[in-house]
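Engineer: My questions all concern the structure below.
The values are calculated or read from the model by the stated rules, or taken from the named source; none is laboratory data. Bear in mind that the values here come from a model prediction, so they are computed numbers and not experimental data. Heads up, the Cβs are rebuilt from the backbone with ideal geometry, glycines too, and the neighbour counts pull from every protein chain shown. Accessible surface is based on the protein model in full, side chains and every heavy atom, while ligands, DNA and RNA are left aside. Shrake-Rupley method; radii C 1.70, N 1.55, O 1.52, S 1.80 Å.
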Amino acid sequence: MAYSRITGLGYYVPDNVVTNNDLTKWMETSDEWIQERTGIKERRYFEFGKDTNYSMATAASRQALDRAGITADDVDVIVYATITPDYFFPGSAFLMQRELKMDGKPVIDIREQCSGFVYALSIADQFIKSGMYKTALVVGSEIQSSLLNKSTAGRNTAIIFGDGAGAAVVQATSDPAHSILSTHLHADGRYAEELYMKDPGSSRERPFSKELIDEGGFNVFMNGNAVFKHAIVKFGEVIQEALTANGYQSSDVNLLVPHQANIRISDYVRQQMGLSEDQVINNIQRFGNTTAASIPIAMAEAWEKNKFKEGDLVCLAAFGSGFTWASALIRW
Ligand code: UT7
């Protein structure tokens, strides 16, 4: 029986730092409001002409491959999560595959929003467990800054989101004691329009008209309160599901890596689980919410800072648009 193990982590964030005070140039808001409601102090925005969704993913992947001690030639499949691809189609996985000179190797583009990385990890895990592939490159990458309404009308979403990419190399192992123990995926399309970007929607009478741009369908819409209320329940549920499936309880967890949605959500989940501040990774203060990239960036940073070690029980958990929610339990 094959098991899968994360053998390398990497991340890339653009150099361009945008502080809360910078945002006040475009919208009525304040550093105080943003920090109090979300925990965010600054985020990164891509630089046009320098960063693309796939170039950031490639940089993160190269770092993850180096750290795993392998090259792109050794990778059997790419699973790439993003809601902000470079092109409408084909997906950014194709562009990264070309960059990494992996011609002929399969690529899978998935969406699944803020849960995208955990979904992608689960896909890689199943491929490896089934014996179909031995090495997968799992990526989350987002350029969201170009799709936000940065006027006062869009301030409840514009303040939250940032750009960046994270990647993990997942490889087959025969050792279940150091492997991904389980993944748990959920979705509920009844809430699709609570957090979504409507356009360019194919089912519109005139998908690319100026009227649609003026209507705001090309910007992110979020019902922040509804998302918040569901998130605090579903994070707890899906973490408990992972623990129960493996016969563990909260006190067995060494490290929780939550999707970086809002510091208040992470704090609520941390308190529910009885974990200390040290046991929960929060970098939303510096990077904002980077959707599918947030968990791999947080994991890669935590790994660099020696926040976890071999044998630790690491839990990943996400909630986001769709709605989707997901978790993974890893014995490192
Ligand atoms: O990763 C995907 C998952 N996403 C999330 O998990 C996000 C979940 N939601 C949230 O984090 C919060 O709902 C927000 C941070 C987005 C908003 O915080 P809130 O405490 O729910 O604020 P609100 O939307 O209820 O708005 C409260 C007030 C309103 O003013 P009035 O009507 O009370 O006068 C807003 O107009 O705050 C106002 N407001 C702002 N004021 C200054 C909303 N956005 C801003 C802003 N700056 N950026």
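Engineer: Could you grab me the full set of residues in region 34-49 that are touching a Lys or Arg at 6+ places or on another chain (Cβ under 9 Å) and either of a type in the set (A, V, I, L, M, F, W, C) or assigned to a loop (DSSP other than H, G, I, E, B) (or both)?
Structural biologist: I34, G39, I40, K41
Engineer: Do the conditions hold for N16, that is, is it open to solvent by less than 60 Å² (accessible area, probe 1.4 Å) and within 21 Å of F94 (Cβ to Cβ)?
Structural biologist: No.
Engineer: Looking at region 237-266 only, could you name the residues that are without any contact (Cβ under 8 Å) to a residue 60 or more places away in the chain and more than 18 Å from the chain's Cα centre (by Cα)?
Structural biologist: Once the filter is applied, which keeps residues that are without any contact (Cβ under 8 Å) to a residue 60 or more places away in the chain and more than 18 Å from the chain's Cα centre (by Cα), region 237-266 yields Q240, T244, G247, Q249, S250, S251.
Engineer: Restricting the search to region 186-204, which residues are open to solvent by 60 Å² or more (accessible area, probe 1.4 Å), of a type outside the set (K, R), part of a loop (DSSP other than H, G, I, E, B) and in contact with a helix residue (DSSP H, G or I) (Cβ under 9 Å, 6 or more places away or on another chain)?
Structural biologist: Result: M197, single match.
Engineer: Mind listing just one residue for me: the one in region 228-262 that is out of contact with any strand residue (DSSP E or B) (no Cβ under 9 Å at 6 or more places or on another chain) and near the ligand (Cβ under 9 Å from one of its atoms) and, of those, least open to solvent (accessible area, probe 1.4 Å)?
Structural biologist: If we take residues in region 228-262 being out of contact with any strand residue (DSSP E or B) (no Cβ under 9 Å at 6 or more places or on another chain) and near the ligand (Cβ under 9 Å from one of its atoms), then F228 is least open to solvent (accessible area, probe 1.4 Å).
Engineer: If a residue must be within 16 Å of the chain's Cα centre (by Cα), within 16 Å of the ligand (Cβ to nearest atom) and among the hydroxyl-bearing types (S, T, Y), how many such residues does region 141-183 contain?
Structural biologist: Qualifying residue count for the region: 2.
Engineer: I've got another one for you. What are the residue pairs meeting all of these: first residue in region 312-323, first residue assigned by TED's automatic domain parsing to the domain that holds T290 and within 17 Å of L275 (Cβ to Cβ), second residue open to solvent by 10 Å² or more (accessible area, probe 1.4 Å) and assigned to a loop (DSSP other than H, G, I, E, B), Cβ atoms under 8 Å, and 6 or more apart or on different chains?
Structural biologist: So the pair list comes out as D312/N254; D312/W332; L313/Y248; L313/N254; L313/W332; V314/N254; V314/F308; V314/W332.
Engineer: For region 253-276, does any single residue satisfy the condition of being more than 20 Å from Y11 (Cα to Cα), among the acidic types (D, E) and either touching a Ser or Thr at 6+ places or on another chain (Cβ under 8 Å) or in a strand (DSSP E or B) (or both)?
Structural biologist: No.
Engineer: Tell me yes or no: at least one residue of region 302-321 is part of a helix (DSSP H, G or I), within 16 Å of the ligand (Cβ to nearest atom) and polar (S, T, N, Q).
Structural biologist: No, region 302-321 contains no residue that is part of a helix (DSSP H, G or I), within 16 Å of the ligand (Cβ to nearest atom) and polar (S, T, N, Q).
Engineer: Can you name the strands (runs of 3 or more DSSP E) wholly within region 73-181 that have at least 3 residues being touching a residue at least 40 places away in the same chain (Cβ under 8 Å) and buried (at least 22 other Cβ atoms within 10 Å of the Cβ)?
Structural biologist: Strands (runs of 3 or more DSSP E) meeting the threshold: 77-81, 135-142, 164-173.
Engineer: What number goes with the only condition from (1) touching a Phe, Trp or Tyr at 6+ places or on another chain (Cβ under 6 Å); (2) under 26 Å from Y3 (Cβ atoms) that H184 does not pass?
Structural biologist: The failed condition is (1).
Engineer: Another question, if that's okay. Being in contact with a Leu (Cβ under 8 Å, 6 or more places away or on another chain) and outside any strand (DSSP E or B) is the filter; apply it to region 277-301 and report the residue that is farthest from E142 (Cα to Cα).
Structural biologist: By that ranking, first place goes to Q279.
Engineer: Could you tell me how many of the residues in region 205-227 are open to solvent by 50 Å² or more (accessible area, probe 1.4 Å) and either within 16 Å of the ligand (Cβ to nearest atom) or within 28 Å of T152 (Cα to Cα) (or both)?
Structural biologist: 11
Engineer: M273 passes all but one of (1) within 16 Å of the ligand (Cβ to nearest atom); (2) within 19 Å of G39 (Cβ to Cβ); (3) touching a residue at least 24 places away in the same chain (Cβ under 8 Å); (4) touching a strand residue (DSSP E or B) at 6+ places or on another chain (Cβ under 8 Å); which number fails?
Structural biologist: M273 satisfies all of (1) within 16 Å of the ligand (Cβ to nearest atom); (2) within 19 Å of G39 (Cβ to Cβ); (3) touching a residue at least 24 places away in the same chain (Cβ under 8 Å); (4) touching a strand residue (DSSP E or B) at 6+ places or on another chain (Cβ under 8 Å) except (1).
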